[in-house]
Every structure is written in structure tokens, then in C-alpha cells.
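I have placed the structure first, in the form of C-alpha cells, so that the comments after it can refer back to it.
The values are calculated or read from the model by the stated rules, or taken from the named source; none is laboratory data. Note that this is a predicted model, so its numbers are computed, not measured. Ideal geometry is used to build each Cβ from the backbone, glycine not excepted, and the neighbour counts take in all protein chains shown. With ligands, DNA and RNA removed, areas are computed over all heavy atoms of the protein, side chains included. Shrake-Rupley method; radii C 1.70, N 1.55, O 1.52, S 1.80 Å.
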Amino acid sequence: MLHEVSVSEAPGRLESFNPRDGSKLGEVPIADAAMVNAVFDRARRAQVGWAAMGVDRRNEILNRLRGVLLDRADEIGRVVSSENGKPPVEPIGLIAPVCETIKLHTALAKRLERGQKVSATFFIGSRARIFYEPLGVAGYILPWNFPFELGMKHMIPALAAGNAVVQKPSPVNPLIGDMMVNLFRDAGVPDGVVQMVHGYAETGSALIDAADSICFVGSTATGKKVMRRAAETLTPVVLELGGNDAAIVREDADLDLTARGLVNGTCYNAGQVCNGIERIYVPHQLVEPLVEKILSVVGELRQGWQTSGGDYDLGPIIWEPQLEIYEAHTADAIEKGATLVCGGAARRDGGGLYWPPTILTGMTHEMRMMREETFGPFLAIMGVGSDDEAIRLANDSQYGLAGSVWTRDVKAGEAIARRMRAGSVMVNNALQSGGCVTLPFGGDGDSGVGRAQGEQAYYHYVATKSVMTSPDSAEALWMPYAATTEDFFKGVSQVFNGRGIAERASGLVSLIRNRPRGAGR
Ligand code: NAD
């Protein structure tokens with residue numbers, strides 16, 4: 001029997017289903033506000049010990065997690081595939097970025113352990129340093145499309161900085177959430193430092209109220225609610241939201257490579273990818289030959305219903321609400337004049353719900369697919385007359401998450417990348433920069449606030465403390481002001497900003513001559 005949605009909203013319990021066959025995988029308790037608060041109390045106690053352990057010991061434990069992930073790769077592939085529908089090869093492929101995240105943030109924590117020395121500017125003789133203290137307990141609210149990679153990767157900077165973490169995974173994948181807690185525990189992370197709470201919006205709201213920082217990954221609509229709620233407690237947020245990412249194909253593109261890259265960039269994870277390609281701009285004369293090549297690549301892809309094992313490229317749609325968007329966007333495009341080349345209709349098979357790779361040509365910006373996030377395996381192609389037109393159309397969006405440029409002229413591609421309004425742009429590739437964890441990841445406009453990857457991510461989880469130690473001479477700037485103080489200040493400005501040696505020297509003379517009495521004893 002087909003399941004309409006993958007979760008049951010039975011009060012108190014959250015059931016988990018396999019989206020490929022509808023079979024029940026397990027259930028977990030839903031956390032109400034009181035339970036969420038109890039989890040945070042436990043996290044706060046555990047955080048004290050975790051912070052007190054010191055950077056070296058924490059780093060040792062977090063780096064041990066890399067070994068645990070290697071040993072448990074098959075289990076990770078199996079658990080994620082069964083609850084999330086994607087082929088096991090995809091989560092297994094995402095273990096490497098999680099490991100790189102651990103390396104990046106443990107090294108950064110070590111580098112910042114004793115603070116950062118910065119220039120004391122004109123405060124001669126002072127010491128100026130920045131220290132980064134853990135905020136306390138970091139809260140996470142995550143979506144269903146990459147529950148393992150995002151779930152793991154985003155917690156690492158907070159943990160490396162000495163925080164405890166509490167995560168609310170998507171209600172469609174509670175078991176993947178619980179698996180992550182076990183992975184951390186097996187690496188030696190003390191009890192209570194990494195915890196999950198399960199549920200829907202109510203659980204998420206309670207988590208926002210209790211957390212010291214919020215990392216939210218999900219839709220733009222929910223992201224706005226999260227930010228509004230966090231404003232009540234002035235809790236800092238990083239928001240990783242939706243996208244409508246453009247691919248620009250240049251006249252000189254290698255069409256074979258581009259066809260394969262576009263298919264990968266639209267069909268990976270069955271198209272349910274925030275930084276997946278959603279709109280494709282192609283020079284008019286290349287549309288036909290490119291579509292021919294794309295059709296041949298699409299023909300090689302295997303869908304989950306074609307096999308009973310893990311040997312497939314596109315899994316099922318995770319739940320019914322996605323189907324409504326796919327059908328509405330497809331009907332809207334066709335009604336407004338687009339041509340459906342292939343795909344375009346769902347298939348229900350063996351208890352799973354599938355959407356085939358779908359090619360549409362003749363797209364225009366009047367169509368919803370070119371303006372809103374579709375989040376499916378769609379190759380929506382629009383003909384353009386020049387690079388400039390393609391860039392203008394790519395930037396004509398409320399979103400600004402990711403983009404790609406396809407060209408043999410790498411320099412020209414990189415120049416176009418600089419002109420695209422997007423948090424990440426790739427040349428001759430798409431998606432994969434999200435796995436290059438040294439790069440910040442995030443978006444502009446409706447695609448989000450802040451960056452949740454790269455070294456930038458670390459600073460979301462720390463209280464930045466500036467410490468300045470002054471010598472006795474600092475009293476030169478104190479009250480009460482003497483008649484000479486004004487000239488003394490002018491001298492200071494000239495010494496540090498004088499246009500040439502003469503102005504600087506005259507500033508020095510003024511500074512020494514007018515130094516308030518008693519200063520610099
Ligand atoms: P969603 O916004 O529906 O849900 C995300 C999470 O928020 C879930 O855990 C959900 O239970 C929770 N939630 C819902 N209402 C809430 C509320 N009022 N308060 C607190 N929490 C609440 O998103 P989704 O459908 O799970 O995921 C798909 C979306 O995620 C897409 O828009 C996609 O682009 C986006 N996404 C973005 C990134 C990125 O890095 N930019 C990555 C992956 C997914």
C-alpha cells in the first residue's frame with residue numbers, strides 16, 4: 001500500500017518509514033517544550049565538562065570520530081538509504097567532507113586556543129588580543145534532504161569550540177539523527193554533549209527558546225519564522241535556506257561534459273538539493289544539440305523502482321508535498337508555452353513515489369519553475385542571445401544560493417562567476433563545492449543569512465572577547481583634559497596618518513611637546 005506521507009503525527013510518537021517501500025522502520029518520542037528544556041539542562045551540565053577538557057583532549061576525541069566514520073561507512077550508507085531513500089553510495093560519498101570538517105575545525109580551535117594577537121593601533125605599548133569562548137549549547141534545526149552530512153558537519157565547529165549541541169532532525173528521519181548520537185558516543189564524546197530532540201514545529205520552537213545559537217537549514221518560509229522567534233531571545237542565527245540556482249552554458253562549452261554535468265547537477269539526490277541546478281540558460285543555437293546529449297545521459301540513469309537493491313541513481317521523492325510542487329510547476333510551464341521533452345509524471349512503484357528526470361525547453365521567467373524552488377530532477381532550459389543576457393536572467397531572482405558556468409574558457413567562466421549573485425559558483429561543475437568544506441557555504445537574499453561552512457562557521461558558536469592590557473602611559477588620554485590635550489590628540493593622528501615623513505615628524509614633535517603631565521611615568 002502506498003503511504004501518503006512518510007510520517008505519522010500520532011501525538012507523542014513519531015514514526016519513521018522507508019520511502020522506497022512504505023515499511024515502518026521505527027518510532028521515537030516527540031519532545032514537547034518540557035522535554036526539550038530537560039535535554040538542554042543536561043546539555044548545559046555536560047558542556048561544562050566538555051569545555052574544561054581543553055582543546056587537545058577535545059580534538060583527540062573529535063578526530064577519533066573520523067576513524068569511527070570510516071569503520072561504519074556501510075552502516076551509514078544502509079541507515080541513511082533506508083530512511084532517506086537515496087542510494088547508499090551518496091551518504092558514503094559524504095563521509096569525506098565530514099572528516100575534512102573535523103580536521104578544519106579542530107585545527108582552527110587549536111590555533112585560536114590562546115587567543116589571537118592583533119595590532120594595538122595607536123595605543124603604543126598596549127597588548128590587544130581576541131579570545132573565543134564557547135557560547136554554551138548550540139541548537140540545530142535541519143531538513144530531510146541531507147540528514148547525515150548536514151547533521152554531522154554543522155555540529156563539528158560548535159563542538160570544536162567547546163559547546164554542547166542539541167539537534168532537531170527532520171521529522172522524516174529521526175533514526176538517522178539517533179545514529180549520529182551513537183557515532184559521537186563511540187568516538188568518546190561524553191554523554192549529554194551531543195543530543196537529539198524529535199518532533200515538528202513545536203519542538204523546533206522550544207529548541208530556539210532554549211539554545212544559545214541557532215543553525216537552521218530548511219525552507220525560506222520556515223527560516224523567517226525561526227529568525228522571528230530567535231529575535232525574542234536575541235539568539236544569533238545562521239540560516240541556510242532555499243535556492244533557484246542558475247547554470248549558464250557558454251557558446252564554447254564542451255557539450256558532452258556539460259550534458260553530463262547538468263544531469264548530475266539536477267538529478268543528484270533525485271534533485272532534492274538546495275544548491276542543485278534549477279534553471280539552465282543556453283545559447284539559442286545550442287539548445288537542440290545539448291538537449292539531444294542530455295537525453296542520452298538521462299537514458300542511462302536507473303531509478304529506485306527498477307531494482308530491489310541499492311544499485312540505482314535516483315531514489316524516491318521523500319514525501320507527498322514535493323509531488324504537489326513538481327506537478328504544479330510542470331503544469332504551469334506547459335500552460336505558459338514550454339515543451340516537455342521527457343519525464344513530467346510521477347510513478348508509484350513498490351510503495352515508493354518517483355519522479356523521473358524531466359527536460360523542459362522554451363522556458364521563460366513568467367513560469368514558476370524559473371522563479372521558485374522546485375527541488376526536483378528538472379532540466380528547465382531557456383535560450384539566450386549572449387552571456388550578458390544569461391547573467392542578467394540568472395541574477396533576476398529573489399534567491400542567491402549557488403550557480404554554475406559551463407565553458408572551455410576557464411578565465412571567462414570565473415569572470416562570470418564573479419558577476420553572479422550567489423553564495424557559491426562553480427565552473428564546469430555544480431553542487432560539489434558544497435563538499436569542499438574549507439569554502440564558506442550560504443546564500444544571499446531569500447537564500448539565507450550568514451555562512452555555515454568554512455572557518456566562518458566557527459565564529460557563530462563563540463563569544464568573542466577582546467582583552468586589552470595598557471601600560472601606564474595610557475593615562476595620557478584620560479580626563480581631566482589639559483589645555484595641551486587637543487594638540488596632543490592632533491599629534492597622535494598625524495604620527496599615524498601623516499602624508500609623508502614631514503607631517504609625521506611634526507606630529508611626533510607635537511605629541512611629545514603636548515603630552516599631558518604625569519602621563520608615561
Ligand atoms: P522545512 O523548512 O519544511 O523544515 C526544516 C526543519 O524545520 C524541519 O526540521 C522542520 O521540522 C522544522 N520546522 C518547521 N517549522 C518550524 C517552526 N515553525 N519552528 C522551528 N522549526 C520548524 O524544510 P524541509 O522541507 O525539511 O527542507 C527542504 C528545504 O531545505 C529546501 O527549501 C532546501 O532548499 C532547504 N535546504 C537548504 C540548504 C542550504 O544549505 N541552504 C541545505 C539543504 C536544504
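The residue of the stretch 54-95 that is farthest from the chain's Cα centre (by Cα), among those that are crowded, with 16+ Cβ neighbours inside 10 Å and outside any helix (DSSP H, G or I), is 72. Against the list (1) small (Gly, Ala, Ser); (2) touching a Lys or Arg at 6+ places or on another chain (Cβ under 9 Å); (3) more than 30 Å from residue 308 (Cβ to Cβ), the condition residue 125 fails is (2). When residue 196 is tested against (1) touching a Gly at 6+ places or on another chain (Cβ under 8 Å); (2) in contact (Cβ under 8 Å) with a residue 60 or more places away in the chain; (3) over 18 Å from residue 449 (Cα atoms), exactly one condition is not met: (2). The listed residues are 41, 74, and the only one of them that is in the same structural domain as residue 134 (by TED's automatic domain parsing) and farther than 24 Å from residue 137 by Cβ turns out to be 74. Just one of the numbered conditions (1) touching a residue at least 40 places away in the same chain (Cβ under 8 Å); (2) away from the ligand (no atom under 16 Å from the Cβ); (3) open to solvent by 10 Å² or more (accessible area, probe 1.4 Å) is not true of residue 247: (3). Are any residues in the stretch 290-344 within 28 Å of residue 257 (Cβ to Cβ), modelled with pLDDT of 95 or more and open to solvent by 50 Å² or more (accessible area, probe 1.4 Å), and if so, which ones? Residues satisfying the conditions are 292, 293, 295, 296, 299, 300, 302, 339, 340, 341.
Go through the stretch 219-239 and count every residue that is within 16 Å of residue 451 (Cβ to Cβ) and in contact with a Pro (Cβ under 9 Å, 6 or more places away or on another chain). Spell out how you get there, then give the answer.
Here is the first cut: in the stretch 219-239, the ones within 16 Å of residue 451 (Cβ to Cβ) are 223, 227, 236-239.
Then drop every residue that is not in contact with a Pro (Cβ under 9 Å, 6 or more places away or on another chain), which leaves none.
The number of residues fulfilling the criteria is 0.
Of the strands (runs of 3 or more DSSP E) lying entirely inside the stretch 101-211, those carrying at least 3 residues that are open to solvent by 10 Å² or more (accessible area, probe 1.4 Å), of a type outside the set (Gly, Ala, Ser) and away from the ligand (no atom under 16 Å from the Cβ) are 116-118, 127-134. Within this structure, residue 265 fails the test of being more than 10 Å from the ligand (Cβ to nearest atom), modelled with pLDDT under 95, under 28 Å from the mean Cα position of the chain (by Cα) and assigned by TED's automatic domain parsing to the domain that holds residue 423.
Only residues that are touching a helix residue (DSSP H, G or I) at 6+ places or on another chain (Cβ under 6 Å), of a type in the set (D, E, K, R) and part of a strand (DSSP E or B): list them for the stretch 242-283, please. Answer for the stretch 242-283, where residues must be touching a helix residue (DSSP H, G or I) at 6+ places or on another chain (Cβ under 6 Å), of a type in the set (D, E, K, R) and part of a strand (DSSP E or B): just 279.
Can you name every residue in the stretch 212-228 that is out of contact with any Ser or Thr (no Cβ under 6 Å at 6 or more places or on another chain) and either under 14 Å from residue 36 (Cβ atoms) or among the charged types (D, E, K, R) (or both)? Residues satisfying the conditions are 212, 224, 225, 228. Please determine, by comparing only the residues of the stretch 147-164 that are hydrophobic (A, V, I, L, M, F, W, C) and farther than 26 Å from residue 85 by Cβ, which one is nearest to the chain's Cα centre (by Cα). Going through the qualifying residues, I end up with 158.
Looking at the structure I just gave you, is residue 360 crowded, with 21+ Cβ neighbours inside 10 Å, in a strand (DSSP E or B) and within 27 Å of the chain's Cα centre (by Cα)?
No.
Selection of strands (runs of 3 or more DSSP E) fully inside the stretch 367-481 by the criterion of at least 3 residues being in the same structural domain as residue 99 (by TED's automatic domain parsing), surrounded by 18 or more Cβ atoms within 10 Å (Cβ to Cβ) and of a type in the set (A, V, I, L, M, F, W, C) returns nothing. Against the criterion of being surrounded by fewer than 22 Cβ atoms within 10 Å (Cβ to Cβ), under 19 Å from the mean Cα position of the chain (by Cα) and within 10 Å of the ligand (Cβ to nearest atom), residue 219 qualifies. Annotation: residue 355 fulfils all but one of (1) over 15 Å from residue 316 (Cα atoms); (2) open to solvent by less than 30 Å² (accessible area, probe 1.4 Å); the unmet one is (1). Among the residues of this structure, residue 297 does not count as one that is β-branched (Val, Ile, Thr), assigned to a strand (DSSP E or B) and touching a helix residue (DSSP H, G or I) at 6+ places or on another chain (Cβ under 6 Å). Can you confirm whether the stretch 233-241 contains a residue that is part of a loop (DSSP other than H, G, I, E, B) and within 10 Å of the ligand (Cβ to nearest atom)? Yes. Looking across the stretch 246-270, the residues that are under 28 Å from residue 323 (Cα atoms) and in contact with a Leu (Cβ under 8 Å, 6 or more places away or on another chain) come down to 246, 247, 258, 259, 262, 263, 264, 265, 266, 267, 268, 270.
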